[in-house]
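This report refers to the structure that appears directly beneath it.
The values are calculated or read from the model by the stated rules, or taken from the named source; none is laboratory data. Only a predicted model underlies this, so the values are computations on that prediction, with no experimental measurement involved. Here the Cβ is made from the backbone with ideal geometry for all residues, glycine too, and neighbour counts use every protein chain on show.
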Amino acid sequence: MRERPFAMEIFVVPDASGTGAVAAGILAAVIRSKPDAVLGVATGSSPLPVYAALAEHQLDMSRVQAFALDEYVGLAAGHPQSYAEVVRSEVTERLGLDPALVSVPDGVAEDPHHAAALYDAAIRAAGGVDVQILGIGHNGHIAFNEPGSGLDSRTRVEFLAGRTRQANARYFRSIDDVPTQCITQGLGTIREARHLLMVVNGADKAEILAAALHGPVSPECPASVLQLHPHVTVVADEAAAGLLGVKLGQVAVRVATPSA
Ligand code: GLP
């Protein structure tokens, strides 16, 4: 049974730059109406066109607050592949955010479990996330919530799935350099954001995207928690949307009411 009514909008656009333009338009509207909005920012390749397109809006984002989804355990903030570094260059600098208002979990904390709990509390103390940008991994992970993650899980230390380490090896010299652990916002933490904005590109994501949106809600597909959220927007390129039954140029709005 669904917890409550939900609405999900799906925008299908020709290519990755189109996903960036649509998602950036949504974010720009939020920031224009709430200049001190709290954004949840994702790393990975999918959100990069979003940040590039948002920079074009030339908004004053100096009061925007941001929380990253995750970080590798063991990579210090200055490490080129740490998410702290990616967020610094792709988000904070590119968009003109105040670095003091941007948070990333501390991957080199002496006690990473405590750091994770503090991070979760900091998001709540900030009043929660207004819009959470998300990508999706090939195994359905969001942030670093790998299959098996609890649907109500909180920010915590986790092991990375082998498939995720393989996928992310492209950023490192070899797979051996990819950390084995991370701090990730939990699925329960992510679900508390008021609006989830998922950006998906490429035919290799078509199957998992369809499973996440149309398949059973289950820890085996962490991204399926989108189906439990009252306000979700999915922006996909034509290739990624290939199995959704939504055609290029269509906007699908699915509204469901609780069912037994
Ligand atoms: C990473 C990140 C996720 C991201 C995913 C997909 O492992 N932790 O936040 O959504 O991989 O990345 P990409 O968009 O590059 O396919």
Next item on the list: Please list, ordered by first then second residue, the pairs with beta carbon atoms under 6 Å, 6 or more apart or interchain, first in the range 172-188 and under 20 Å from Ser224 (Cβ atoms) and polar (S, T, N, Q), second modelled with pLDDT of 95 or more and away from the ligand (no atom under 13 Å from the Cβ).
Entry: Gln185/Thr155
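Filter the range 64-78 down to the residues that are without any contact (Cβ under 8 Å) to a residue 60 or more places away in the chain and within 15 Å of the ligand (Cβ to nearest atom), then identify the one that is farthest from Ala37 (Cα to Cα). So that I can check it myself, show each step before the final result.
Our first condition is that a residue be without any contact (Cβ under 8 Å) to a residue 60 or more places away in the chain; within the range 64-78, this holds for 64, 66, 68, 76-78.
Retained after the next criterion (residues that are within 15 Å of the ligand (Cβ to nearest atom)): 66, 68.
Numbers: Ala66: 8, Ala68: 14 Å.
Only one residue tops the list, namely Ala68.
If you take the residues in the range 119-133 that are assigned to a helix (DSSP H, G or I) and surrounded by fewer than 17 Cβ atoms within 10 Å (Cβ to Cβ), which one is farthest from the ligand (Cβ to nearest atom)? Write out each step before concluding.
Kept after step one, since they are assigned to a helix (DSSP H, G or I), are these residues of the range 119-133: 119-125.
Narrowing further to those that are surrounded by fewer than 17 Cβ atoms within 10 Å (Cβ to Cβ): 121-122, 124-125.
Details: Ala121: 21, Ala122: 19, Arg124: 21, Ala125: 23 Å.
Residue satisfying both the conditions and the ranking: Ala125.
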Margin query: Could you go through the range 90-104 and let me know if any residue there is part of a loop (DSSP other than H, G, I, E, B) and of a type in the set (Lys, Arg).
Written below: no
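Could you grab me the full set of residues in the range 134-165 that are among the acidic types (Asp, Glu) and either in a loop (DSSP other than H, G, I, E, B) or away from the ligand (no atom under 13 Å from the Cβ) (or both)?
Initial filter on the range 134-165 (among the acidic types (Asp, Glu)): 146, 152, 158.
Correct list: Glu146, Asp152.
Hey, which of the strands (runs of 3 or more DSSP E) in the range 1-89, taking only ones fully inside, have at least 2 residues that are touching a Gly at 6+ places or on another chain (Cβ under 9 Å), crowded, with 17+ Cβ neighbours inside 10 Å and at pLDDT 95 or above?
Details: elements: 6-13, 38-41, 65-68, 70-72.
Answer list for the range 1-89: 65-68, 70-72.
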Next item on the list: Report, by residue number, each residue of the range 170-197 that is in a helix (DSSP H, G or I) and either in contact with a Ser or Thr (Cβ under 6 Å, 6 or more places away or on another chain) or within 11 Å of the ligand (Cβ to nearest atom) (or both).
Entry: Arg170, Tyr171, Leu187, Gly188, Thr189, Ile190
Check: For the range 198-248, how many residues meet the condition of being of a type in the set (D, E, K, R), surrounded by fewer than 17 Cβ atoms within 10 Å (Cβ to Cβ) and part of a loop (DSSP other than H, G, I, E, B)?
Finding: 2
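Could you tell me how many of the residues in the range 225-247 are among the polar types (S, T, N, Q) and farther than 22 Å from Ser45 by Cβ?
At the first step, the residues of the range 225-247 found to be among the polar types (S, T, N, Q) are 227, 233.
With farther than 22 Å from Ser45 by Cβ added as a condition, the list becomes 227.
Count: 1.
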Next item on the list: Find all pairs meeting these conditions: Cβ atoms under 7 angstrom apart; at least six residues apart or on different chains; first residue within the range 85-100 and of a type in the set (Asp, Glu); second residue modelled with pLDDT of 95 or more.
Entry: Glu90/Leu48; Glu90/Tyr51; Asp98/Ser62
